[in-house]
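To keep things clear, I will list the structure first and then write my remarks on it.
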Amino acid sequence: MQRNATTQYPVLLIHGLFGFERIGHFEIFHGIKQALRNAGVRVFVPYLSATHCNEVRGEQLLVQIDRVLAGTGAGKVNLIGHSQGALTARYAAAMAPQVVASVTSVSGPNHGSELADFLRKALRPGSLPEHVASAVVTLFADFLSLLSGHPQLPQHAVASLNALTTEGVATFNAKYPQGLPATWGGEGPEQVNGVHYYSWSGTVQGSLLDEGVNSVDPLHQICRAFSAYFISEAQENDGLVGRYSSHLGKVLRSDYPLDHLDSLNQTAGLVRKGIDPVELYVAHAERLKNAGL
Ligand code: CA
């Protein structure tokens, strides 16, 4: 049956992942833009350059919001940001709340990423046993190569870790606290300066055997390997972001059985049986519509 999720304001899908526009031949929000369009949503995917700085990405987003407003005649936009895209959207909403109806964080490191912390430490010579540091950095390089299709590890991607560490995000949060929970693991305010805030995320659960077709997805295998490096949120993370670290505004749910890339329906729809990441976006557009956004 045809869904009707015609939101009042256009939806912008904000990618993170160090600014890569595509994973292989696939759109980064795999099948999500089309599903939203089929449900009547006006959808745009801004292109943000690879940079380690949330503020620079946020400024690029503000320019593209203006273009969408001019092109559609809409007065505001709904921002849905994945991973670092959530921080980008938060920046834009903090700077220009009058043009942002809502910010939704999907698997966003709103309190930093323990994996980023680990990598930062591993990259300091002598700070960790050589074999551990080397294994993790190699794994991360493989991960980025898979994402970007580039054979070489881009140096700026490693530098971008600074913006995603617990320390880096704490500095960001001090300047742009809108929507953050007051207590660890709690929910944030649903509305700040007229902007509605939502979040959802998942965790790596069970064993690889439970994953069905997802078990052959190399990105899932890498998320599962990364998951072992979490300490504070051991067993409660998606491979890149801890469950409670993702909380922002109204928390829709933070323990879907989704790894960090499953929440983009990657790779190419390979996800665990019984969960449909695309449906989460369509249902959320219905939620925004029902809220008059
Ligand atoms: Ca997957």
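If the chain linking residue 70 and residue 173 were pulled fully straight, counting 0.36 nm for each residue of separation and taking away their Cα-Cα distance, it would gain 34.1 nm. For the chain, the solvent-accessible area works out to 41 Å² per residue, with a probe of 1.4 Å and every protein chain left in place. Shown are 287, 124, whose ranking by accessible area with a 1.4 Å probe and every protein chain present, most to least, is 124, 287. Taking every alpha-carbon pair under 8 Å whose residues sit at least 6 apart, region 67-148 reaches a relative contact order of 22 percent.
Starting from the Cα-Cα distance between residue 47 and residue 130, subtract it from 0.36 nm times their residue separation and give me the gain in nm to one decimal.
Values: separation 83, 0.36 × 83 = 29.88 nm, distance 3.74 nm.
Contour length minus Cα-Cα distance gives 26.1 nm.
Annotation: amide H of residue 204 within the under-5 Å range of 237, 238, 239, sequence separation 5 or more or interchain, hydrogens built in the peptide plane. Straight-line reach from residue 76: taking Cα to Cα under 27 Å and skipping same-chain neighbours fewer than 8 places apart, the lysines in range are 33, 175, 250, 289. With the full set of protein chains in place, find how many percent of the accessible area of region 11-290 is carbon and sulfur; take the probe as 1.4 Å. With neighbouring chains kept in place, the figure for region 11-290 is 54 percent. Legend: calculated FRET efficiency, residue 95 to residue 145, from the Cβ-Cβ distance at R0 = 41 Å, rounded to 0.05, equals 0.75. Grouping the Cα pair distances of region 11-290 into 10 Å bins from zero gives a pair-distance distribution of 7, 32, 39, 19, 3, 0 percent in increasing distance order. Which residue, chosen from 226, 285, 10, occupies the Cα position most advanced towards the positive end of the dipole of the chain, where the dipole is computed from +1 (Lys, Arg) and -1 (Asp, Glu) charges on Cβ about the Cα centre? Toward the positive end, the furthest listed residue is 10.
In this label model, residue 138 and residue 291 are separated by 4.5 nm, measuring between points 7 Å along each Cα→Cβ vector. A straight line joining the Cα centroids of region 57-93 and region 271-293 runs 20 Å.
Taking Cα pairs under 8 Å and at least six residues apart, what relative contact order does the chain come out at, in percent? Show your work: numbers first, answer last.
Values: 624 pairs, mean separation 65.9, N = 293.
Taking the mean separation of contacting Cα pairs over the length of the chain, I get 22 percent.
Of all DSSP-defined beta bridges confined to region 11-290, some 20% are antiparallel rather than parallel. Only protein heavy atoms count here; under a 1.4 Å probe, residue 210 has an accessible surface of about 80 Å². Of the GluC sites (Glu not before Pro) in region 183-236, the ones in a loop by DSSP (not H, G, I, E or B) with at most 15 other beta carbons within 10 Å are 190.
The values are calculated or read from the model by the stated rules, or taken from the named source; none is laboratory data. Predicted, not measured: the structure shown is a model, and the values here were computed from it. Neighbour counts are summed over all protein chains in view; Cβ atoms, including those assigned to glycine, are modelled from backbone coordinates with ideal geometry. SASA here: full protein model, heavy atoms, side chains in, ligands and nucleic acids out. Shrake-Rupley method; radii C 1.70, N 1.55, O 1.52, S 1.80 Å.
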